[in-house]
């Protein structure tokens, strides 16, 4: 393990393939990617953040100045905060600020935050960028261990079929290679649409009824407007045995949507929901 | 017996400061041919619209067959007055028969289909107007005169007692124009009341039983053509030197007053006349 | 320019509609045979198939038919009243007003009427838009002039679109997505109640409009012509506008904004069966119903289990067919 001091220069290649060179780890960071913000907080680097987006609602960062949304942040606000590093999305997924920020002399680092592999990698890279290498290594080790534990606990068990409801009208679910899809698989469940290649397929309700999932996962936070009783009264949904018998899992949407340091928590929560008997027994 | 009787009718168009018609008092006799003549913008069309019930006067009364026109139900009025408006955009693909068949509309209920009576009326109208041989032709392929006769046939198919035509021959060649006037004379002969507006004063004077001379929204003179077309009235209305001659015939129109406009050079006081004419204020909007 | 024996044509259209409905029940992510469909309708056999047929495909197929019929009827009437071949059911701001209502409800997260909230808001929005259009037209003093109405409709639609853009700017991603899906239009949320209501309105509307078929023929030529042939122009136009607007508003309330149908079906029907509204109106309704039912079945089936947006399918199928029809007819010469 190479010791890296808080003042060593660093060189990294980001998700857009650009090389970033910093003279020293950044101390005035703004992250436009919610999972990256969470990662930095988990790495004890919250004190190095100088701004936040609408979607960063954790207590550690709530007091920071607002720059707007993630994909549609306000460039002027960003520049006015005089950050020495801005973490943003890949260009092909909405990162649009590179040119303006670099013209203002602000270094930009793009991250990919789609699946668990990205989450792991971001822990490492963000750790280096913020000078929290040790914390990053420790976090990565811990996550690896926790994820493996979850996977082992369900290794020999029957996997219930799951319908994960990203949206209800029209029904939209998460594909196998998304973060959600991977966590689901790890947690001992099988998506009823595991055969589809698209990351976010819009499916026909007919097909959901035909495939009769054992469990329906309804993320809260987004869907709290359409509560369960309303969903039951919609045509087709009431024909799902899972809905009728109440085998519905409600979990916070932020937990399941963000490929970040909480992935083990997400995996465990999902595993406990799908295999309730394991909930208290196993970490 | 009067078909229409108007008392002190004034008509205003929205947004216009000057009334189109002012205090018109007029009786239109039944079974006769009445022609409304006068310069453009004098109010001829407005008068025609008042008579067909499509324009409501601001003041005054209009009666058709001794009943206020406002009290007539739209359909009953349409079955009593056949109208040939000045401009109309007929879909070119419509056949002549289909156009004439529209005339039966006032007589049919919403779900009713054409009956024997209707078919007979249509056939008679087609024959009378000499467009029977054009029954299946689309109106877009007809000449101006043929199209006009088809529209007269439609008005006839309404089986009315009266016809109102607004500038029916404005764009027609001489032969077609004569054909229309001859047709109208035949219709008057069968007892139908005919009222038309036209700026072809000479033709009107030859064919119509009564002339109504309109100028600036008012009636200057009404009566037989000889009574109406006098040097005084003509001078007032047409700001050009005109000589009135008698039609030589042959035909029943012998003796009808005809207006001949003179060459400017032949009139000694042309300059003064022009002066007087140009100070006259423009006609009613 | 009318067909001979219109009854035969209308009966064949009815048969086409029946065929479309049958196909809509058979097709889906999994194709069913006729006897499976019949058994499911009767309630016997695999419970999931019964659920799919009775609760999902049947209401959806019926709603597609009703929406297609309502939009086509509305479009036909507007084209006659406004003497404008580019008129569609949304020309007087119906879709824009409905969208404002729906988007506001979605973004603000209102749910006063439960699952009916968005539909009610959409209906209220379209009726408000129509009222606004009428108000503008009346203020000019020429309310029944087609050009004035179209212009007022364009203005109100533009205003509505501006409001929607503004509202969406302040929406969170979930509301944004929900609003977008509504705007794209879908018959996926069909319920028996909605179907019954729309069916009633369509029946009622068709009866009224059929009763004024002859005046509509005359309006196509001009108001003046209609008046001299005995039509009470003001009253009749008001009735026609009101009915056409209500049909469009109801269709949009239950299924979002499905474009193209209300514009092209009337033209297709006119090319095939002539301009006599006594035949054109029922033909439009039946053709539109069959068309949208089939389009919806394609949207559900073509990329199963993925679902394609219905608005895209209607245009993708409809445009080539219409262009073919247009060129075919020109090649044959003027239609008789």
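Computed from the coordinates by the stated procedures, all read-outs in this text should not be read as laboratory data. Quick caveat, the model's predicted, so the values are computed rather than measured. Heads up, the Cβs are rebuilt from the backbone with ideal geometry, glycines too, and the neighbour counts pull from every protein chain shown.
The figures follow:
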quantity: Net length gained if the chain between residue C:154 and residue C:42 were fully extended (0.36 nm per residue, minus Cα distance); calculated: 35.5 nm
quantity: Nitroxide proxy distance, nm - points 7 Å out along Cα→Cβ at residue B:14 and residue A:277; calculated: 8.2
quantity: Inter-chain shielding of C:110-117 (mean C-beta neighbours from other protein chains, 10 Å cut-off); calculated: 2
quantity: Cβ crowding within 10 Å averaged over residues, with B:31-39, B:240-248 ranked highest first; calculated: B:31-39, B:240-248
quantity: Whether chain B is rounded, prolate or oblate, judged on the alpha carbon gyration tensor where a/c under 1.5 counts as rounded; calculated: prolate
quantity: Calculated FRET efficiency for the pair residue B:73/residue A:212, C-beta based, R₀ 56 Å, to 0.05; calculated: 0.25
quantity: Semi-axes of the equivalent ellipsoid for the protein assembly as shown, Cα gyration tensor, largest first, Å; calculated: 78, 34, 20
quantity: Distance in nm between pseudo-label sites at residue C:86 and residue B:66 (7 Å out along the Cβ direction from Cα); calculated: 5.6
quantity: Length-normalised contact order of segment A:130-283 in % [C-alpha pairs under 8 Å, at least 6 apart]; calculated: 26
quantity: Segment residue C:207-residue C:165, length gained on full extension (0.36 nm per residue, minus Cα span); calculated: 11.3 nm
quantity: Rounded to 10°, Cα long-axis angle of helix A:133-153 versus longest principal axis of chain A; calculated: 10
quantity: Cα shape, chain C, gyration tensor, a/c 1.5 rule; calculated: oblate
quantity: Spin-label zone in segment B:28-64 - amide nitrogen under 13 Å from a point set 7 Å from the Cα of residue B:239 along the C-beta vector; calculated: B:39-40
quantity: Neighbouring partner chain Cβ atoms per residue of B:82-89, average, 10 Å criterion; calculated: 3
quantity: Three-way shape call for segment C:204-336 based on the alpha-carbon gyration tensor, with the a/c threshold at 1.5; calculated: oblate
quantity: Between segment A:72-96 and segment B:133-165, the Cα center-to-center distance that results, in Å; calculated: 75
quantity: Exercise: per-residue mean of other protein chain Cβ atoms within 10 Å, C:45-58; calculated: 4
quantity: Order by protection proxy (mean Cβ within 10 Å, highest first), peptides B:7-17, C:254-264, A:263-273; calculated: C:254-264, A:263-273, B:7-17
quantity: Alpha carbon centroid spacing (whole Å) that separates segment B:39-102 from segment C:251-308; calculated: 40
quantity: Inter-part distance where segment C:108-123 and segment C:215-239 are each reduced to a Cα centre, Å; calculated: 38
quantity: Using a Förster distance of 35 Å, the FRET efficiency for residue A:76-residue C:108 (Cβ separation, nearest 0.05); calculated: 0.75
quantity: FRET E, pair residue A:177, residue A:135, Förster distance 22 Å, beta-carbon r, rounded to 0.05; calculated: 0.15
quantity: Sorted peptide list for C:306-315, B:132-141, C:121-130, criterion being average Cβ within 10 angstrom, highest first; calculated: C:121-130, C:306-315, B:132-141
quantity: Taking chain B and dividing mean pair separation by its residue count, relative contact order in percent (alpha carbons under 8 Å, at least six apart); calculated: 24
quantity: Spacing of the two label points (7 Å from each Cα toward its C-beta) at residue C:31 and residue A:155, in nm; calculated: 4.6
